[in-house]
1. Return a whole-number percent for the relative contact order of the stretch B:7-51, with Cα pairs under 8 Å and 6 or more residues apart as the contact set.
2. At a 1.4 Å probe radius, which order do B:21, B:174 fall into by accessible area, largest first?
3. Sorted by accessible area with a 1.4 angstrom probe, largest first, how do B:127, A:17 fall?
4. Quantify how strongly other chains surround peptide B:172-180 by giving the mean number of their Cβ atoms within 10 Å of each of its Cβ atoms.
5. Please report the net charge: other residues with Cβ closer than 12 Å to the Cβ of residue B:36, K and R +1, D and E -1.
6. Does anyone have the angle between helix A:85-99 and the longest principal axis of chain A? Alpha-carbon axes, 0 to 90°, nearest 10?
7. Using only protein heavy atoms and a 1.4 Å probe, how much accessible area in total is buried between A and B, to the nearest 100 Å²?
8. Give the nm distances, rounded to one decimal, from residue A:25 to the matching residue in every other copy, measuring between label points 7 Å along Cα toward the beta carbon; shortest first.
2 protein chains.
Amino acid sequence: MAVRERDPARTRRTVLDAATRVVAEKGAGVSIDTIARAAGVSKGGLLHHFRSRDELILALAEDMLEQFAAMVHAAVDPADRAEGRLLRGYVRASFDAIRDETSPAEHVAMTAAVVNVPGVSELMRRDKQRWEEFFAADGLDLQRILVIQRATDGASIAGLYEGGHQHQELAYMRELLLAMTYASTPFADVQQPADWSWPSVSTDVE
Amino acid sequence: MAVRERDPARTRRTVLDAATRVVAEKGAGVSIDTIARAAGVSKGGLLHHFRSRDELILALAEDMLEQFAAMVHAAVDPADRAEGRLLRGYVRASFDAIRDETSPAEHVAMTAAVVNVPGVSELMRRDKQRWEEFFAADGLDLQRILVIQRATDGASIAGLYEGGHQHQELAYMRELLLAMTYASTPFADVQQPADWSWPSVSTDVE
DNA sequence: TTCAGCAAACCATTCGGTCGGCTATTAGAG
DNA sequence: CTCTAATAGCCGACCGAATGGTTTGCTGAA
(Lines give C-alpha, C1' and ligand atoms only; values in the text may rest on other atoms or scores of the structure.)
Protein backbone atom coordinates (compact mmCIF):
# COMPACT_ATOMS: atom_id res chain seq x y z
CA MET A 1 0.00 0.00 0.00
CA ALA A 2 1.37 3.31 -1.04
CA VAL A 3 2.14 5.76 1.70
CA ARG A 4 0.03 8.78 1.07
CA GLU A 5 1.49 12.10 1.98
CA ARG A 6 -1.83 13.35 3.21
CA ASP A 7 -4.10 11.04 5.06
CA PRO A 8 -6.52 12.93 7.28
CA ALA A 9 -7.68 9.84 9.16
CA ARG A 10 -4.14 8.85 9.94
CA THR A 11 -3.23 12.39 10.98
CA ARG A 12 -6.18 12.50 13.32
CA ARG A 13 -5.08 9.27 14.94
CA THR A 14 -1.50 10.49 15.22
CA VAL A 15 -2.67 13.64 16.96
CA LEU A 16 -4.89 11.71 19.35
CA ASP A 17 -2.08 9.31 20.23
CA ALA A 18 0.39 12.13 20.76
CA ALA A 19 -2.14 13.98 22.88
CA THR A 20 -2.60 10.91 25.04
CA ARG A 21 1.12 10.65 25.65
CA VAL A 22 1.71 14.33 26.27
CA VAL A 23 -1.27 14.89 28.53
CA ALA A 24 -0.37 11.80 30.54
CA GLU A 25 3.12 13.16 30.96
CA LYS A 26 2.59 16.85 31.54
CA GLY A 27 -0.96 17.06 32.78
CA ALA A 28 -4.12 18.36 31.24
CA GLY A 29 -2.80 21.90 30.98
CA VAL A 30 -0.61 21.36 27.94
CA SER A 31 -0.93 23.75 25.04
CA ILE A 32 -2.24 22.65 21.70
CA ASP A 33 1.06 23.78 20.25
CA THR A 34 2.93 21.26 22.38
CA ILE A 35 0.56 18.52 21.34
CA ALA A 36 0.84 19.53 17.73
CA ARG A 37 4.63 19.39 17.79
CA ALA A 38 4.56 16.02 19.53
CA ALA A 39 2.36 14.77 16.73
CA GLY A 40 4.60 16.25 14.06
CA VAL A 41 2.05 18.68 12.69
CA SER A 42 1.66 22.42 12.92
CA LYS A 43 -0.78 24.09 15.23
CA GLY A 44 -2.75 25.24 12.23
CA GLY A 45 -2.85 21.70 10.96
CA LEU A 46 -4.10 20.40 14.26
CA LEU A 47 -6.79 23.04 14.43
CA HIS A 48 -7.95 21.93 11.04
CA HIS A 49 -8.97 18.59 12.55
CA PHE A 50 -10.16 19.87 15.90
CA ARG A 51 -11.77 23.25 15.75
CA SER A 52 -10.77 24.26 19.23
CA ARG A 53 -8.75 23.05 22.16
CA ASP A 54 -11.84 21.99 24.04
CA GLU A 55 -12.95 19.94 21.08
CA LEU A 56 -9.60 18.20 21.02
CA ILE A 57 -9.72 17.40 24.71
CA LEU A 58 -13.25 16.13 24.36
CA ALA A 59 -12.26 13.89 21.49
CA LEU A 60 -9.29 12.73 23.52
CA ALA A 61 -11.45 11.78 26.48
CA GLU A 62 -13.84 9.97 24.17
CA ASP A 63 -10.95 8.12 22.59
CA MET A 64 -9.51 7.03 25.90
CA LEU A 65 -12.83 5.71 27.12
CA GLU A 66 -13.22 3.79 23.89
CA GLN A 67 -9.74 2.36 24.07
CA PHE A 68 -10.24 1.28 27.64
CA ALA A 69 -13.54 -0.37 26.76
CA ALA A 70 -11.75 -2.23 23.98
CA MET A 71 -9.08 -3.35 26.43
CA VAL A 72 -11.73 -4.68 28.75
CA HIS A 73 -13.42 -6.65 26.01
CA ALA A 74 -10.09 -8.01 24.91
CA ALA A 75 -9.34 -9.04 28.47
CA VAL A 76 -12.47 -11.14 28.80
CA ASP A 77 -11.49 -14.77 28.70
CA PRO A 78 -13.52 -16.36 25.86
CA ALA A 79 -13.29 -19.74 27.57
CA ASP A 80 -14.71 -18.28 30.74
CA ARG A 81 -18.39 -19.10 30.96
CA ALA A 82 -18.95 -18.43 34.64
CA GLU A 83 -20.83 -15.45 35.97
CA GLY A 84 -18.68 -12.39 36.39
CA ARG A 85 -16.55 -12.87 33.31
CA LEU A 86 -17.11 -9.29 32.18
CA LEU A 87 -16.14 -7.93 35.56
CA ARG A 88 -13.01 -10.07 35.52
CA GLY A 89 -12.12 -8.55 32.17
CA TYR A 90 -12.51 -5.11 33.72
CA VAL A 91 -10.22 -5.99 36.59
CA ARG A 92 -7.56 -7.49 34.33
CA ALA A 93 -7.64 -4.61 31.89
CA SER A 94 -7.34 -2.04 34.66
CA PHE A 95 -4.42 -3.63 36.43
CA ASP A 96 -2.62 -4.51 33.25
CA ALA A 97 -2.92 -0.92 32.14
CA ILE A 98 -1.15 0.18 35.30
CA ARG A 99 1.51 -2.50 35.08
CA ASP A 100 2.30 -1.87 31.43
CA GLU A 101 2.46 1.76 32.37
CA THR A 102 0.75 2.70 29.17
CA SER A 103 0.83 6.03 30.89
CA PRO A 104 1.80 7.07 34.39
CA ALA A 105 -1.55 8.73 34.65
CA GLU A 106 -3.91 6.36 32.94
CA HIS A 107 -7.58 6.53 32.30
CA VAL A 108 -8.96 7.28 35.73
CA ALA A 109 -6.57 10.05 36.67
CA MET A 110 -6.56 11.45 33.17
CA THR A 111 -10.28 11.75 32.96
CA ALA A 112 -10.32 13.32 36.40
CA ALA A 113 -7.78 15.84 35.21
CA VAL A 114 -9.87 16.77 32.24
CA VAL A 115 -13.34 16.76 33.71
CA ASN A 116 -13.73 20.54 33.75
CA VAL A 117 -13.73 20.81 29.96
CA PRO A 118 -17.27 21.38 28.69
CA GLY A 119 -18.89 18.16 27.57
CA VAL A 120 -16.49 15.78 29.24
CA SER A 121 -18.57 15.46 32.35
CA GLU A 122 -21.62 14.52 30.33
CA LEU A 123 -19.51 12.10 28.34
CA MET A 124 -18.31 10.32 31.43
CA ARG A 125 -21.76 10.10 32.85
CA ARG A 126 -22.90 8.27 29.77
CA ASP A 127 -19.84 6.07 29.94
CA LYS A 128 -20.61 5.17 33.51
CA GLN A 129 -24.11 4.22 32.51
CA ARG A 130 -22.80 2.03 29.73
CA TRP A 131 -20.67 0.14 32.21
CA GLU A 132 -23.65 -0.29 34.46
CA GLU A 133 -25.65 -1.84 31.66
CA PHE A 134 -22.66 -3.91 30.64
CA PHE A 135 -22.20 -5.34 34.10
CA ALA A 136 -25.90 -5.81 34.65
CA ALA A 137 -25.68 -8.48 31.96
CA ASP A 138 -22.91 -10.20 33.83
CA GLY A 139 -25.10 -12.28 36.11
CA LEU A 140 -23.48 -11.08 39.31
CA ASP A 141 -25.31 -9.44 42.14
CA LEU A 142 -25.13 -5.69 42.45
CA GLN A 143 -23.11 -5.76 45.63
CA ARG A 144 -20.21 -7.64 44.17
CA ILE A 145 -20.19 -5.56 41.01
CA LEU A 146 -20.08 -2.28 42.90
CA VAL A 147 -17.46 -3.28 45.42
CA ILE A 148 -15.12 -4.87 42.95
CA GLN A 149 -15.43 -2.23 40.28
CA ARG A 150 -14.97 0.63 42.73
CA ALA A 151 -12.04 -1.08 44.40
CA THR A 152 -10.46 -1.55 40.98
CA ASP A 153 -10.87 2.12 40.20
CA GLY A 154 -9.49 3.08 43.58
CA ALA A 155 -6.48 0.85 43.11
CA SER A 156 -5.89 2.50 39.74
CA ILE A 157 -5.48 5.91 41.28
CA ALA A 158 -3.47 4.58 44.18
CA GLY A 159 -1.17 3.06 41.58
CA LEU A 160 -0.24 6.53 40.41
CA TYR A 161 1.62 7.60 43.50
CA GLU A 162 3.89 4.67 43.33
CA GLY A 163 7.45 4.89 44.42
CA GLY A 164 7.58 2.38 41.64
CA HIS A 165 7.89 -0.52 44.00
CA GLN A 166 4.52 -1.59 45.23
CA HIS A 167 4.07 -3.92 42.35
CA GLN A 168 3.36 -6.42 45.05
CA GLU A 169 0.37 -4.51 46.30
CA LEU A 170 -1.00 -4.19 42.80
CA ALA A 171 -0.39 -7.84 42.02
CA TYR A 172 -2.09 -8.85 45.23
CA MET A 173 -5.08 -6.59 44.60
CA ARG A 174 -5.44 -7.97 41.13
CA GLU A 175 -5.63 -11.57 42.27
CA LEU A 176 -7.77 -10.71 45.24
CA LEU A 177 -10.38 -8.86 43.24
CA LEU A 178 -10.44 -11.59 40.63
CA ALA A 179 -11.01 -14.17 43.35
CA MET A 180 -13.74 -12.03 44.86
CA THR A 181 -15.76 -12.32 41.67
CA TYR A 182 -16.22 -16.00 42.57
CA ALA A 183 -17.33 -15.38 46.15
CA SER A 184 -20.24 -17.59 47.16
CA THR A 185 -21.61 -15.41 49.92
CA PRO A 186 -22.30 -11.68 50.13
CA PHE A 187 -19.53 -9.57 51.61
CA ALA A 188 -21.99 -8.09 54.08
CA ASP A 189 -25.72 -8.14 54.69
CA VAL A 190 -26.94 -4.73 53.69
CA GLN A 191 -30.20 -4.23 51.90
CA GLN A 192 -30.42 -1.81 49.05
CA PRO A 193 -32.92 1.04 49.04
CA ALA A 194 -36.27 -0.26 47.83
CA ASP A 195 -36.80 2.50 45.29
CA TRP A 196 -33.44 2.12 43.63
CA SER A 197 -33.31 1.01 40.03
CA TRP A 198 -30.03 -0.21 38.70
CA PRO A 199 -28.65 0.33 36.19
CA SER A 200 -29.84 3.88 36.53
CA VAL A 201 -32.61 4.59 34.08
CA SER A 202 -31.73 7.06 31.37
CA THR A 203 -35.13 8.70 31.43
CA ASP A 204 -33.71 11.74 33.16
CA VAL A 205 -32.17 12.86 29.90
CA GLU A 206 -33.81 16.13 29.08
CA MET B 1 -11.18 40.48 69.54
CA ALA B 2 -10.22 43.45 67.47
CA VAL B 3 -10.17 42.89 63.75
CA ARG B 4 -6.72 43.71 62.57
CA GLU B 5 -6.43 45.17 59.15
CA ARG B 6 -3.34 43.15 58.43
CA ASP B 7 -3.13 39.60 59.60
CA PRO B 8 -0.78 37.49 57.49
CA ALA B 9 -1.90 34.19 58.99
CA ARG B 10 -5.52 34.94 58.31
CA THR B 11 -4.75 36.14 54.80
CA ARG B 12 -2.90 32.93 54.11
CA ARG B 13 -5.86 30.90 55.26
CA THR B 14 -8.27 33.00 53.24
CA VAL B 15 -6.18 32.45 50.13
CA LEU B 16 -5.99 28.70 50.72
CA ASP B 17 -9.74 28.44 51.25
CA ALA B 18 -10.47 30.48 48.17
CA ALA B 19 -8.05 28.38 46.18
CA THR B 20 -9.80 25.22 47.29
CA ARG B 21 -13.15 26.55 46.13
CA VAL B 22 -11.93 27.95 42.84
CA VAL B 23 -9.80 24.97 41.87
CA ALA B 24 -12.65 22.62 42.72
CA GLU B 25 -14.93 24.63 40.53
CA LYS B 26 -12.81 25.49 37.53
CA GLY B 27 -10.14 22.84 37.55
CA ALA B 28 -6.47 22.92 38.33
CA GLY B 29 -5.67 25.30 35.50
CA VAL B 30 -6.94 28.47 37.16
CA SER B 31 -4.71 31.52 37.19
CA ILE B 32 -3.29 32.89 40.38
CA ASP B 33 -5.01 36.13 39.54
CA THR B 34 -8.39 34.42 39.65
CA ILE B 35 -7.56 32.82 42.96
CA ALA B 36 -6.30 36.12 44.31
CA ARG B 37 -9.48 37.94 43.38
CA ALA B 38 -11.60 35.16 44.86
CA ALA B 39 -9.67 35.63 48.08
CA GLY B 40 -10.06 39.39 47.99
CA VAL B 41 -6.38 40.15 47.67
CA SER B 42 -4.22 41.38 44.84
CA LYS B 43 -1.99 39.11 42.83
CA GLY B 44 1.01 40.83 44.32
CA GLY B 45 -0.35 40.25 47.77
CA LEU B 46 -0.88 36.58 47.06
CA LEU B 47 2.62 36.21 45.70
CA HIS B 48 3.92 37.70 48.89
CA HIS B 49 2.70 34.62 50.75
CA PHE B 50 3.40 32.03 48.07
CA ARG B 51 6.45 32.75 46.03
CA SER B 52 5.18 31.09 42.89
CA ARG B 53 2.14 29.41 41.52
CA ASP B 54 3.62 25.98 42.00
CA GLU B 55 4.30 26.76 45.63
CA LEU B 56 0.70 27.78 46.09
CA ILE B 57 -0.62 24.61 44.49
CA LEU B 58 1.72 22.52 46.59
CA ALA B 59 0.56 24.25 49.76
CA LEU B 60 -3.00 23.75 48.60
CA ALA B 61 -2.51 20.03 48.12
CA GLU B 62 -0.87 19.77 51.49
CA ASP B 63 -3.71 21.66 53.09
CA MET B 64 -6.35 19.46 51.51
CA LEU B 65 -4.65 16.29 52.65
CA GLU B 66 -4.45 17.70 56.15
CA GLN B 67 -8.05 18.75 56.17
CA PHE B 68 -9.17 15.37 54.96
CA ALA B 69 -7.11 13.65 57.63
CA ALA B 70 -8.74 15.87 60.21
CA MET B 71 -12.17 14.93 58.85
CA VAL B 72 -11.32 11.27 59.16
CA HIS B 73 -10.20 11.63 62.74
CA ALA B 74 -13.32 13.61 63.54
CA ALA B 75 -15.44 10.88 61.97
CA VAL B 76 -14.04 8.16 64.18
CA ASP B 77 -16.69 7.21 66.71
CA PRO B 78 -15.07 7.63 70.15
CA ALA B 79 -17.46 5.04 71.60
CA ASP B 80 -16.41 2.54 68.95
CA ARG B 81 -13.87 0.15 70.44
CA ALA B 82 -14.06 -2.61 67.87
CA GLU B 83 -11.37 -3.31 65.33
CA GLY B 84 -11.67 -1.26 62.20
CA ARG B 85 -12.81 1.96 63.83
CA LEU B 86 -10.21 4.01 61.99
CA LEU B 87 -11.24 2.54 58.67
CA ARG B 88 -14.86 3.29 59.47
CA GLY B 89 -13.90 6.88 60.10
CA TYR B 90 -12.24 6.97 56.70
CA VAL B 91 -15.35 5.62 55.01
CA ARG B 92 -17.66 8.04 56.78
CA ALA B 93 -15.46 11.05 56.11
CA SER B 94 -15.15 10.19 52.43
CA PHE B 95 -18.83 9.70 51.77
CA ASP B 96 -19.90 12.63 53.87
CA ALA B 97 -17.50 14.84 51.94
CA ILE B 98 -19.25 13.81 48.74
CA ARG B 99 -22.71 14.23 50.16
CA ASP B 100 -22.04 17.63 51.66
CA GLU B 101 -20.59 18.52 48.33
CA THR B 102 -17.80 20.41 49.99
CA SER B 103 -16.63 20.54 46.43
CA PRO B 104 -17.84 18.84 43.27
CA ALA B 105 -14.32 17.64 42.80
CA GLU B 106 -13.20 16.67 46.25
CA HIS B 107 -9.96 15.36 47.52
CA VAL B 108 -9.30 12.39 45.29
CA ALA B 109 -10.10 14.04 41.99
CA MET B 110 -8.49 17.26 43.05
CA THR B 111 -5.20 15.69 43.94
CA ALA B 112 -5.30 13.75 40.71
CA ALA B 113 -5.80 16.98 38.83
CA VAL B 114 -2.83 18.56 40.49
CA VAL B 115 -0.38 15.70 40.51
CA ASN B 116 1.84 17.08 37.78
CA VAL B 117 2.99 20.05 39.85
CA PRO B 118 6.51 19.45 41.15
CA GLY B 119 6.51 18.10 44.66
CA VAL B 120 2.89 17.06 44.80
CA SER B 121 3.58 13.53 43.71
CA GLU B 122 6.14 13.09 46.45
CA LEU B 123 3.74 14.66 48.90
CA MET B 124 0.99 12.21 48.07
CA ARG B 125 3.32 9.27 48.30
CA ARG B 126 4.16 10.22 51.84
CA ASP B 127 0.49 10.75 52.57
CA LYS B 128 -0.34 7.30 51.29
CA GLN B 129 2.30 5.84 53.55
CA ARG B 130 0.88 7.69 56.51
CA TRP B 131 -2.49 6.12 55.85
CA GLU B 132 -0.90 2.74 55.64
CA GLU B 133 0.70 3.13 59.01
CA PHE B 134 -2.51 4.57 60.39
CA PHE B 135 -4.55 1.60 59.25
CA ALA B 136 -1.93 -0.88 60.27
CA ALA B 137 -2.74 0.13 63.84
CA ASP B 138 -6.40 -0.57 63.24
CA GLY B 139 -6.31 -4.28 64.02
CA LEU B 140 -7.89 -5.33 60.76
CA ASP B 141 -6.32 -7.73 58.32
CA LEU B 142 -4.64 -6.31 55.27
CA GLN B 143 -7.17 -7.69 52.86
CA ARG B 144 -10.09 -5.88 54.36
CA ILE B 145 -8.21 -2.63 54.70
CA LEU B 146 -7.13 -2.63 51.08
CA VAL B 147 -10.46 -3.60 49.59
CA ILE B 148 -12.50 -1.20 51.65
CA GLN B 149 -10.17 1.74 51.36
CA ARG B 150 -9.76 1.34 47.61
CA ALA B 151 -13.47 0.89 47.12
CA THR B 152 -14.08 4.05 49.09
CA ASP B 153 -11.65 5.97 46.92
CA GLY B 154 -13.20 4.52 43.79
CA ALA B 155 -16.67 5.49 44.94
CA SER B 156 -15.40 9.00 45.56
CA ILE B 157 -14.42 9.49 41.97
CA ALA B 158 -17.52 7.76 40.69
CA GLY B 159 -19.46 10.27 42.75
CA LEU B 160 -18.14 13.07 40.59
CA TYR B 161 -19.94 12.13 37.43
CA GLU B 162 -23.27 12.20 39.10
CA GLY B 163 -26.36 13.32 37.32
CA GLY B 164 -27.00 14.43 40.85
CA HIS B 165 -29.37 11.59 41.54
CA GLN B 166 -27.49 8.49 42.51
CA HIS B 167 -27.51 9.45 46.12
CA GLN B 168 -28.92 6.01 46.58
CA GLU B 169 -25.85 4.36 45.19
CA LEU B 170 -23.61 6.41 47.43
CA ALA B 171 -25.77 5.77 50.48
CA TYR B 172 -25.77 2.08 49.75
CA MET B 173 -22.02 1.97 49.24
CA ARG B 174 -21.48 3.81 52.47
CA GLU B 175 -23.50 1.36 54.52
CA LEU B 176 -22.11 -1.61 52.66
CA LEU B 177 -18.50 -0.67 53.20
CA LEU B 178 -19.12 0.12 56.83
CA ALA B 179 -20.71 -3.29 57.28
CA MET B 180 -17.82 -4.94 55.50
CA THR B 181 -15.45 -3.70 58.19
CA TYR B 182 -17.20 -6.13 60.53
CA ALA B 183 -16.95 -9.14 58.21
CA SER B 184 -15.98 -12.29 60.05
CA THR B 185 -14.52 -14.17 57.10
CA PRO B 186 -12.09 -13.11 54.37
CA PHE B 187 -13.67 -11.92 51.14
CA ALA B 188 -11.59 -14.43 49.22
CA ASP B 189 -8.73 -16.81 49.90
CA VAL B 190 -5.71 -15.26 48.29
CA GLN B 191 -2.33 -15.36 49.89
CA GLN B 192 -0.13 -12.31 49.83
CA PRO B 193 3.35 -12.40 48.39
CA ALA B 194 5.74 -13.75 50.99
CA ASP B 195 8.28 -10.98 50.60
CA TRP B 196 5.82 -8.19 50.97
CA SER B 197 6.10 -5.88 53.94
CA TRP B 198 3.14 -3.70 54.74
CA PRO B 199 3.00 -0.86 55.50
CA SER B 200 5.69 -0.21 52.97
CA VAL B 201 8.94 0.55 54.70
CA SER B 202 10.09 4.11 54.41
CA THR B 203 13.73 3.16 54.11
CA ASP B 204 13.72 4.04 50.43
CA VAL B 205 13.85 7.70 51.35
CA GLU B 206 17.09 8.96 50.03
C1' DT C 1 11.46 54.79 62.60
C1' DT C 2 11.60 50.61 60.48
C1' DC C 3 9.80 46.84 58.19
C1' DA C 4 6.34 43.36 56.84
C1' DG C 5 1.91 43.23 54.35
C1' DC C 6 -0.14 44.40 50.50
C1' DA C 7 -1.63 46.94 46.06
C1' DA C 8 -1.14 48.16 41.33
C1' DA C 9 1.28 49.13 37.39
C1' DC C 10 4.26 46.86 34.53
C1' DC C 11 6.84 43.26 31.62
C1' DA C 12 8.06 39.34 28.80
C1' DT C 13 6.12 35.25 27.36
C1' DT C 14 2.73 32.10 26.01
C1' DC C 15 -1.74 30.93 24.81
C1' DG C 16 -5.85 29.87 21.78
C1' DG C 17 -7.39 31.02 17.58
C1' DT C 18 -7.45 33.34 12.66
C1' DC C 19 -5.83 34.07 8.04
C1' DG C 20 -3.71 33.74 3.61
C1' DG C 21 -1.29 30.87 0.91
C1' DC C 22 0.70 26.55 -0.88
C1' DT C 23 0.05 21.78 -2.49
C1' DA C 24 -1.54 16.85 -2.60
C1' DT C 25 -5.69 14.70 -3.76
C1' DT C 26 -9.83 13.92 -6.09
C1' DA C 27 -13.98 14.46 -8.98
C1' DG C 28 -15.46 15.36 -13.43
C1' DA C 29 -15.14 16.64 -18.27
C1' DG C 30 -13.40 15.36 -22.43
C1' DC D 1 -7.12 7.35 -19.57
C1' DT D 2 -5.66 12.41 -19.31
C1' DC D 3 -6.00 16.91 -18.20
C1' DT D 4 -7.96 20.35 -15.26
C1' DA D 5 -10.51 22.79 -11.86
C1' DA D 6 -11.99 22.58 -7.27
C1' DT D 7 -11.29 21.23 -2.79
C1' DA D 8 -9.32 19.53 1.43
C1' DG D 9 -5.11 19.11 4.17
C1' DC D 10 -1.73 21.57 6.08
C1' DC D 11 1.72 25.29 7.22
C1' DG D 12 3.53 29.42 9.44
C1' DA D 13 3.02 34.12 10.32
C1' DC D 14 0.24 36.77 12.93
C1' DC D 15 -3.09 38.88 16.67
C1' DG D 16 -5.21 40.12 20.96
C1' DA D 17 -5.81 38.42 25.41
C1' DA D 18 -4.23 36.32 29.41
C1' DT D 19 -0.61 34.52 32.35
C1' DG D 20 3.27 34.11 35.82
C1' DG D 21 6.29 36.93 37.87
C1' DT D 22 8.81 41.62 39.14
C1' DT D 23 9.07 46.14 40.84
C1' DT D 24 7.87 50.18 43.01
C1' DG D 25 5.65 52.42 46.34
C1' DC D 26 2.22 53.15 50.02
C1' DT D 27 0.70 52.11 54.83
C1' DG D 28 -0.44 49.89 59.10
C1' DA D 29 1.94 47.52 62.90
C1' DA D 30 5.68 46.90 66.21
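The values are calculated or read from the model by the stated rules, or taken from the named source; none is laboratory data. Small disclaimer: the values here were computed from a predicted structure and weren't measured. Here the Cβ positions follow ideal geometry from the backbone for every residue, glycine too, while neighbour counts run over all protein chains shown. Remember, those area values only see protein heavy atoms, side chains included, never the ligands or the DNA or RNA. Shrake-Rupley method; radii C 1.70, N 1.55, O 1.52, S 1.80 Å.
1. 36 percent
2. Result, largest first: B:21, B:174.
3. Highest to lowest solvent-accessible surface, that is A:17, B:127.
4. Mean partner shielding for this stretch: 6.
5. Around residue B:36, the charge tally is +2.
6. On a 0 to 90 degree scale, this one is about 50.
7. 4000 Å²
8. Its label point is 3.5 nm from the equivalent points in the other copies.
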